[in-house]
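Trainee: Can you keep this structure in mind? I'll have questions shortly.
None of the figures in this text is laboratory data; all of them are computed from the coordinates on show. Being a predicted model, the structure only gives us computed values, none of them experimental. Cβ placement follows ideal geometry from the backbone for every residue including glycine, while neighbour counts extend to all protein chains displayed.
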Amino acid sequence: MSNFEKNMESIITNITKEDMEMNDDNKKGVQDSEPITKKEEIEMDKKEQREQREKQRAIKVALITATPLLDLPIKALSGLLKQESFKEDSKVVYSIDKFNLGENKHRGEFKQEIIEQLVEKLKDRDFIGISAVGFNFDEKIVPLIKELKNRLPNKPVILGGDVATDGANMERCWQLGIDAMCIGEAEKDLPFLLENWEKRHDPEVKKKIKNFILEDDDVEKIKNGEISARQLQNFLTKKEMDEYKTDFTWDDYYVLKDEKISEALPKYMPEAIQHQLPQNENVLIYAFTRGCPYACDYCDYATKQEQLDQTFRSKSMEAAVEELKRQKIELEKAREKQVELGLDKGPDPFLVLMNSDTSALSTEQLKEFRDLYKRDVDLPFYCMCSPSSLTPEKIRILADAGMVHLNVGVQTNQESNEKFFNRRQKDDKIIELTRTVSELGEKGIDIKLFCDFIIHNPFENKDQSRKTIELIKKMELPFDYIPHTLFLGSGSPLRKRYEKEREENDLDKLLEDNKEIGYSNYHDTYRFYSWLKDNKGFVINTICEFMAGQHNSEKLGRLPRYANNLKSWDAFGEDNLLSTAQKEAKKISDKKQAESYMREKEEQISEFRKFIDEKLSAIDEKTLSIDFLIKDDVLDYFEDHKNLFINIALVLKNLPQYHQRFSNESAEKRTYETEFDDSSSNPIF
Ligand code: SF4
């Protein structure tokens, strides 16, 4: 059986005509009134499908993502195109190959061996669609597009994803030589565009294609303000969201595994490094809402809402659960296949619900979701909620549905949230929500609570950082504190404000503005210490990073809970400080200079030990370690001895028991070794 035939078989097997017609009441009515047996019905369906296929023209599409866990956009488009093949008047049949080239282990562009394999797989495709997000766009996607345009010059490349929908990036993306760019939601117009590709510049055809930029003129007109991006967009309605079905099949799906493009299996999927996600290959990743009801000033959604008037929409609960049910079935099939191949099935599945704010759904919707989900899917799940919409009652409903991981975006204290981020949420509400989770825990309903915070915000001064620490101290235990380094992108409202106020207010540098070190995953700030160390907020924000991880009766993340225990804290240990300094000294090629460097470090470390022992001998046993570290005299010492402070921070990163490489990395175990490390050729302290 050729690949194409296999594709066809898989289309028929996995998204059937029945699926398509599920919501079509008229057709259902006809079927209900005809006494046709199931077998006859299937035979008729197959015959009809065969006849239809004979009249159809084939279009072969490759859909590529390089975002490790977020393959949902390519699955959504694949499902849509497969559905299109079954429309009664459809003149085409789509054959789709999906590629997930996401991985966390390697920095830099894809190696040539990987490009060779990809080119081989793409050469029979008619179109190449790439879904890209900002965090690895420059490093992975830009070189990939250049390679593909060079190696396969006649294959149209269509770019989508948040880099393309972020208006500020539009021109830069277009200049890569791509052939079309989706600046809204692709589903509605993609089939028409592909089917009319040769005529796409014809004004009559072009005016029917919303959501896509097709020529230089479109970019120019948007740039000059002649038309707004919004005029080109046409978002999905809730009804359409219900009708479109995601392709969760594992056939014709390829992943990057040990530098080989292999057939996808759950075991081969890119690992999650974020500790709020389970270290489990059998995760179902899904979102059934689009957009977000808020407009935080640092966020990409805010950019879009301002420019695109995008609103929060949800599938019906029935359609959402129906999709989840299919996804679970497809995962089960793939796990069975693993067993046939001599692999194990892996751990029990877990759902990662990626809605931007699940609690933005009404209480009634959540109850409906709970009832259907428990009946048809019944897997433990993770979800994200905003404190603005989350209530104790919603927490209880979600817990009843199976939520075991709850991620809440706190970001900062009430005042800073309003002043800098356009977020209106009360600190008291945060405390109340943590109390609800804690009370449920006392009743045996365990929810792991992850609270996101934003650090290294150049607009915040020390006192504002201290206010956030005060809030953290009032939150009910236990919870995980997850600091994220502020990222503004190129077009967010806060980026504009930053550019305006930067010089006048002498604002600190942003991590993302470095040109040499490369991209960040927002949790690897240690790689950027040489860029950030002169920032006014460097020390206090880095101390906040020390708190990454679980807060409970013994710990504040990587810090011991009480300052007394800092006396024996590994990161203050003389031997550990010396061995980290030795690692840096090895970067110095001149032996004499290296020896002198080490002598200087030994003196600094010895002086620091005296300072810290003296300070710690004067504290009472109830003093929290964080309060001790942000006292004026201790902070001042670190400010004046910045290199010593960086030495401490790097000890924390290097010691395996602390896992500080990523501030949101698993606190319990390192899942794998990465190549991520400081690559500077000179000592950074
Ligand atoms: S709530 Fe989250 S997704 Fe929505 S605008 Fe704010 S940061 Fe963005």
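Trainee: Using 0.36 nm per residue, how much length does the chain from D400 to I227 gain when fully extended, once their Cα-Cα distance is taken away?
Mentor: 57.5 nm
Trainee: Let me ask something else about it. For E545, E171, which order do you get if you count the other beta carbons within 10 Å of each Cβ and list the fewest first?
Mentor: Least to most surrounded, the residues fall as E171, E545.
Trainee: Please give the charge dipole size of the chain, origin at the Cα centre, charges +1 on K and R Cβ atoms and -1 on D and E Cβ atoms. Round to the nearest 20 debye.
Mentor: Result for the chain is approximately 200 debye, rounded to the nearest 20.
Trainee: Antiparallel DSSP bridges in segment 278-522: what percent, to the nearest 5?
Mentor: Within segment 278-522, antiparallel bridges account for around 10 percent of the total.
Trainee: Something else about it: What does the helix-only formula give at 222 nm for the chain: each DSSP H stretch with n ≥ 4 adding -39500 (n - 2.57), the total divided by the residues, and the result rounded to the nearest 500 deg cm²/dmol?
Mentor: -13000 deg cm²/dmol
Trainee: Which Cys in the chain stand alone, with every other cysteine's Cβ at 4.7 Å or more from theirs?
Mentor: By the Cβ distance rule, which asks for a partner under 4.7 Å, the isolated cysteines are C173, C182, C292, C383, C385, C451, C544.
Trainee: Another question, if that's okay. Counting other beta carbons within 10 Å of each Cβ, put V142, V539 in order, fewest first.
Mentor: Starting with the residue having the fewest Cβ neighbours, the order is V142, V539.
Trainee: Can you pick out the pairs among K188/K315; K75/K121; K467/K536; K509/K587; K315/K394 whose Cα atoms lie more than 21 Å from each other?
Mentor: Correct reply: K509/K587.
Trainee: Just the number, please: percent antiparallel of the DSSP beta bridges in the chain, rounded to the nearest 5. Display every interim value, and only then the final one.
Mentor: Values: 16 of 63 bridges.
Around 25 percent of the beta bridges assigned by DSSP in the chain are antiparallel ones.
Trainee: Something else now. Give me the log10 of I(q) over I(0) for the chain at q = 0.07, 0.08 Å⁻¹, as the Debye formula computes it from C-alpha points; what are the numbers?
Mentor: Those come out to -0.52, -0.67, one per q.
Trainee: Based on the alpha-carbon gyration tensor of segment 432-579 and its eigenvalue square roots a ≥ b ≥ c, which shape applies: rounded if a/c is under 1.5, prolate if not and a/b is larger than b/c, or oblate? The partial results should precede the final answer.
Mentor: Working: a/c = 2.15, a/b = 1.39, b/c = 1.55.
Oblate shape, in that a/c is at least 1.5 and b/c is the bigger or equal ratio.
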